[in-house]
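Read the figures in this text as sums done on the coordinates, not as results from a lab. Keep in mind the model is a prediction, meaning the values are calculated, not measured. We place every Cβ from the backbone using ideal geometry, glycine too, and count neighbours over all the protein chains shown.
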């Protein structure tokens with residue numbers, strides 16, 4: 001059996017004190033990391049909820065765009081029909097003008113018919129103008145909705161990127177915590 005010198009005892013106790021101090025420091029770090037992990041987990045949940053809401057809003061915007069596209073097609077169909085009616089009315093006017101030249105007596109009748117046809121043509125032009133205004137408004141609405149959709153998509157992408165960063169940080173923190181748990185169980 002060997003006798004332990006006073007110097008060896010002092011060195012042993014100094015190493016023991018240093019180890020206890022280091023373990024205290026690591027315990028404080030672990031506590032701080034636990035708080036950070038909890039905060040990051042809450043932030044992650046909030047981002048996931050916000051991302052879900054954004055996806056819902058994008059779906060709603062896409063549905064609105066689809067509905068507006070359908071309305072635009074209907075408006076274009078009406079516009080095409082009105083143009084066909086207008087063309088038909090123009091042809092009728094040409095035919096009426098030829099009849100006026102050939103028959104003096106039917107001139108008055110053709111003149112009355114011409115007034116009616118002109119009124120219908122003006123009504124049709126007015127309707128075409130209104131439809132063109134509606135078409136332009138539909139184009140503006142689609143452009144605005146597309147810009148909104150692109151903005152929401154960009155926002156969703158940014159949130160997903162931030163979510164991935166938070167998940168990566170959480171993984172790094174958890175990987176740091178796992179070695180600390182092994183050290184703390186060895187000490188105990």
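Numbers below:
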{"read-out": "Helix 106-187 vs. the chain, principal-axis angle (Cα, 0 to 90°, nearest 10)", "value": "10"}
{"read-out": "Overall dimensions of segment 1-90 by Cα: Rg and Dmax, Å", "value": "37.9, 126"}
{"read-out": "Using alpha-carbon coordinates, inclination of helix 6-102 to the longest axis of the chain, degrees", "value": "0"}
{"read-out": "Global geometry of segment 39-142, whether rounded, prolate or oblate, following the gyration tensor of its Cα atoms and the 1.5 cut on a/c", "value": "prolate"}
{"read-out": "Residue 115 versus residue 23: modelled label distance in nm, points set 7 Å from Cα along the beta carbon direction", "value": "11.2"}
{"read-out": "Computed E for residue 63/residue 88 - FRET, C-beta separation, R0 45 angstrom, nearest 0.05", "value": "0.75"}
{"read-out": "Computed [θ] at 222 nm, deg cm²/dmol, the chain (DSSP H ≥ 4; -39,500 (n - 2.57); rounded to nearest 500)", "value": "-36500 deg cm²/dmol"}
{"read-out": "Mean Cβ count within 10 Å, highest first, over the residues of peptides 16-23, 68-75", "value": "68-75, 16-23"}
{"read-out": "FRET efficiency, 1/(1 + (r/R0)^6) with R0 45 Å, evaluated for residue 77 and residue 165 via beta carbons", "value": "0.35"}
{"read-out": "Alpha-carbon spread of the chain, three principal axes, descending order, Å", "value": "147, 18, 18"}
